[in-house]
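**Q** Below are the structure tokens for one structure; questions will follow.
Nothing in this text is a laboratory measurement; each read-out follows from the coordinates by a stated rule. The model shown is predicted, which means the values in this text are computed figures rather than measured ones. All Cβ positions, even for glycine, are placed from backbone atoms using ideal geometry, and neighbour counts span all protein chains on display.
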Amino acid sequence: MSSWETVIGLEVHVQLATKTKIFSGASTTFGAEPNTQACAIDLAMPGTLPVLNKQAVHYAVMFGLAIDAEIAKESAFERKNYFYPDLPKGYQTTQLEKPIVGRGNVEIQLADGRTKNVRIHHAHLEEDAGKSLHEGDFRHGVSGIDLNRAGTPLIEIVSEPDMSNAEEAIAFAKKLHSIVTSIGICDGEMSQGSMRFDVNVSVRRTGAAELGTRTETKNLNSFKFMEECIAKEVERQIDLIEDGGTVLQETRLYNGDTKVARSMRSKEEANDYRYFPCPDLLPVILTDETIEELRRNLPELPDARQARFVAQYGLSDYDAGILAYDSAMAAYFEVATARSGSAKLVANWTMGELAARLNSEDISIVKSPVTAEQLAGLITRIADNSISGKMAKEVFEGIWDGEGNADDIIETRDLKQVSDSGALEQIVAEVLAANQAMVDDYINTDEAKRKKKLGGFMGQIMKASKGQANPQQVNQILAKKLSELL
């Protein structure tokens with residue numbers, strides 16, 4: 001692999017979070033019954049005319065401002081002609097020659113701490129197509145068309161081929177996800193198709209100036225699937241060339257469930273789509289006043305939020321970066337911190353126990369069964385030593401399962417930690433008296449090895465206290481009493 005270089009570029013389709021479609025008043029709400037949110041304009045009925053959604057234009061400009069890109073004062077729509085079963089017009093209304101967002105830059109951070117700039121070629125507005133639904137196998141199955149998605153506004157973000165491996169591509173995709181969700185122009189629900197990635201991959205001999213022939217794998221809606229797809233495609237192209245073959249410029253598909261990649265069709269060029277200006281839509285004219293107003297009202301960006309979390313809450317760059325990446329997670333963290341006053345504990349629990357459970361259940365943080373207020377209540381009881389770390393995990397499970405808040409569960413399950421020094425000294429004394437052989441063994445053990453013997457005592461003490469003794473206090477009392485016996 002060291003004799004080969006990989007070149008990657010992405011085309012990212014971002015569904016804009018408008019209430020209605022880009023050229024009609026039909027709803028964009030996800031999950032409705034098929035074909036219940038498609039009006040005459042979406043169905044391309046004769047005599048219908050599109051009306052541009054102003055909010056979609058503003059969202060596109062907001063993205064451009066967020067990446068410090070060129071904003072076109074005048075942009076225009078064209079018709080891109082091709083046939084899909086779920087595109088009833090026979091063309092897609094999009095932008096080509098005059099996109100609304102021009103060149104920009106996105107800085108990514110890699111696992112080793114390095115940063116890299118990925119150039120944005122442009123981002124343009126367009127309408128989404130419908131969706132084909134298939135049931136059964138190839139021979140006996142049936143297919144249907146759902147046009148609810150037809151006409152949903154998109155921006156397509158086109159990068160330069162600046163990425164050289166899957167790690168960089170994933171970092172770039174995640175950064176875009178963070179930006180569009182932070183500024184509120186997309187809900188980021190990739191499983192619902194809100195963000196879809198087309199990955200362009202080519203390989204060339206190390207040091208070669210000319211780019212290799214690229215392939216495009218379409219409609220990846222998972223970072224994990226993208227990583228798998230890139231690895232497979234790079235390996236496929238290298239093996240093909242080394243065996244004397246030639247990489248064909250083509251469009252490919254990758255099935256993340258079966259881990260199978262296959263060719264879909266030969267790759268079209270722009271002239272194959274017969275672009276021509278849309279006769280039904282006037283050019284989009286933006287004033288300086290509109291652009292500046294959108295700039296002034298732009299929400300906090302992920303990088304700025306990360307820096308604020310470090311300064312305001314004393315978090316490490318790493319922790320702040322994880323929490324700042326997702327605007328919903330950032331808001332959750334700030335609410336829980338405000339209620340509990342323990343930023344570090346909240347950060348640890350949000351990124352640890354909560355994130356792990358959300359991932360295992362495939363739930364976004366906005367749908368978490370444990371609210372920020374409930375996590376704050378749990379953190380408060382950890383901070384005031386009412387419960388131990390082990391107890392806290394049990395309480396967390398109870399909150400997750402809907403048993404109430406932390407105080408309710410602690411009381412119901414009798415989980416309150418014993419921190420009374422007099423009571424703990426009594427328990428330690430009783431355990432030592434009942435385990436004279438262990439005490440003798442400790443006294444007769446080399447000083448350097450005595451520390452390892454403490455675990456046995458701790459186990460007996462925690463058992464005697466039904467797991468409710470404060471471990472830190474027990475450690476101090478135990479060490480003191482054993483030293484007195486030496």
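**Q** Just subtract the alpha-carbon distance of residue 251 and residue 383 from 0.36 nm times their residue separation and send over the number in nm, one decimal.
**A** 42.0 nm
**Q** Using only Cα atoms, find the angle between the long axis of helix 54-66 and the longest principal axis of the chain, and express it within 0 to 90 degrees, rounded to the nearest 10.
**A** Long axis of 54-66 versus the principal axis of the chain: about 60 degrees.
**Q** Could you please rank 442, 59, 273, placing first whichever residue has the fewest other Cβ atoms within 10 Å of its Cβ?
**A** Ordered from fewest to most neighbouring Cβ atoms within 10 Å, 442, 59, 273 come out as 273, 442, 59.
**Q** Please name whichever of 123, 249, 459 sits farthest to the positive end of the charge dipole of the chain, dipole taken about the Cα centre and charges placed at Cβ: Lys and Arg +1, Asp and Glu -1.
**A** Final value for the positive-end residue is 459.
**Q** A further question on this structure: Just how large is the dipole of the chain about the Cα centre, in debye to the nearest 20, putting +1 at every Lys and Arg Cβ and -1 at every Asp and Glu Cβ?
**A** Dipole size: approximately 440 debye.
**Q** With n ≥ 4 as the cut-off for DSSP H runs, can you work out [θ] at 222 nm for the chain, using -39500 (n - 2.57) per run divided by the number of residues, rounded to the nearest 500?
**A** The per-residue figure over the chain is -12000 deg cm²/dmol.
**Q** A further question follows. Evaluate the Debye formula for the stretch 4-291 with equal point scatterers sitting on the alpha carbons, no solvent, and hand back log10 of I(q)/I(0) at q = 0.13 Å⁻¹, in q order, two decimals.
**A** Debye intensities relative to I(0), on a log10 scale: -0.95.
**Q** Rounded, prolate or oblate: which one fits the stretch 421-485, using the alpha carbon gyration tensor with axes a ≥ b ≥ c (rounded when a/c is under 1.5, else prolate when a/b beats b/c, else oblate)?
**A** Prolate, since a/c reaches 1.5 and a/b exceeds b/c.
**Q** State, to one decimal in nm, how far the label point of residue 344 lies from the label point of residue 479, with both points 7 Å from Cα in the Cβ direction.
**A** With each label placed 7 Å out from Cα toward Cβ, I get 1.8 nm.
**Q** Can you pull the one-decimal nm distance between simple spin-label points at residue 303 and residue 394, each 7 Å off the Cα toward Cβ?
**A** Result for the modelled spin labels: 4.8 nm.
**Q** Send over the semi-axes of the stretch 1-139's equivalent ellipsoid, whole angstrom and largest first, taken as the square roots of 5 times the C-alpha gyration tensor eigenvalues.
**A** Over the Cα atoms of the stretch 1-139, the ellipsoid semi-axes are 32, 22, 15 Å.
**Q** Still on this structure, please answer the following. For residue 367, go through the lysines and keep the ones whose alpha-carbon is under 17 Å away, minus same-chain ones fewer than eight residues off.
**A** Candidates past the 8-residue exclusion: nothing left.
**Q** Enter the per residue convex hull volume of the chain, computed from alpha-carbon coordinates, in Å³ rounded to the nearest integer.
**A** On the way: hull volume 110.6 nm³, N = 486.
Convex hull volume per residue, Cα atoms: 228 Å³.
**Q** Can I ask one more? Could you state the number of Å between the C-alpha centres of the stretch 93-110 and the stretch 30-78?
**A** 16 Å
**Q** If you don't mind, there's one more thing I want to ask. How many angstrom lie between the C-alpha centres of the stretch 395-417 and the stretch 227-255?
**A** A separation of 53 Å, based on Cα centres.
**Q** Could you give each residue of the stretch 236-249 its phi-based ³J(HN,Hα) in whole Hz, using Karplus coefficients 6.51, -1.76, 1.60 with θ = phi - 60°, and x for Gly or Pro?
**A** My calculation for the stretch 236-249 gives 4, 5, 4, 4, 5, 5, 5, 8, x, x, 10, 6, 8, 6 Hz in order.
**Q** Would you order 438, 163, 462 from fewest to most other beta-carbon atoms within 10 Å of each residue's own beta-carbon?
**A** On the way: 438 15, 163 26, 462 18.
Listed from fewest to most nearby Cβ atoms, that is 438, 462, 163.
**Q** Now for a different question. Is any residue of the stretch 125-167 close enough, with backbone N under 13 Å, to a label point placed 7 angstrom from the Cα of residue 231 along the Cα-Cβ axis, and if so, which?
**A** Label zone hits: 166-167.
**Q** Another question, then. State the extension gain, in nm to one decimal, for the chain segment bounded by residue 363 and residue 51, taking 0.36 nm per residue of separation less the distance between their alpha-carbons. Mind showing how you got there, number by number?
**A** Working: separation 312, 0.36 × 312 = 112.32 nm, distance 3.63 nm.
Length gained, residue 363 through residue 51: 108.7 nm.
**Q** Let's test the formula: R0 of 51 Å, r as the Cβ-Cβ distance of residue 239 and residue 445. What FRET efficiency results, to the nearest 0.05? Could you put the intermediate results ahead of the total?
**A** Values: r = 61 Å, r/R0 = 1.20.
Efficiency for this residue pair is about 0.25.
**Q** Counting alpha carbon pairs within less than 8 Å and at least 6 residues apart, what relative contact order, in whole percent, applies to the stretch 4-291?
**A** Values: 622 pairs, mean separation 70.5, N = 288.
Taking the mean separation of contacting Cα pairs over the length of the stretch 4-291, I get 24 percent.
**Q** Count charges around residue 58 for me, please; just the other residues with Cβ under 15 Å from its Cβ, Lys/Arg as +1, Asp/Glu as -1.
**A** Value of the local net charge: +1.
**Q** Then there is this: Once label points are set 7 Å from the Cα along Cα→Cβ at both residue 222 and residue 292, what is their separation, rounded to one decimal in nm?
**A** My value for the distance between the label points is 4.8 nm.
**Q** Compute the angle between helix 372-383 and the longest alpha-carbon principal axis of the chain, please, reported from 0 to 90 degrees and rounded to the nearest 10.
**A** 30 degrees
**Q** I would also like to ask the following. Using Cα atoms only, what is the angle between the long axis of helix 166-182 and the major principal axis of the chain, expressed in degrees (0 to 90) to the nearest 10?
**A** Tilt relative to the chain: about 90 degrees.
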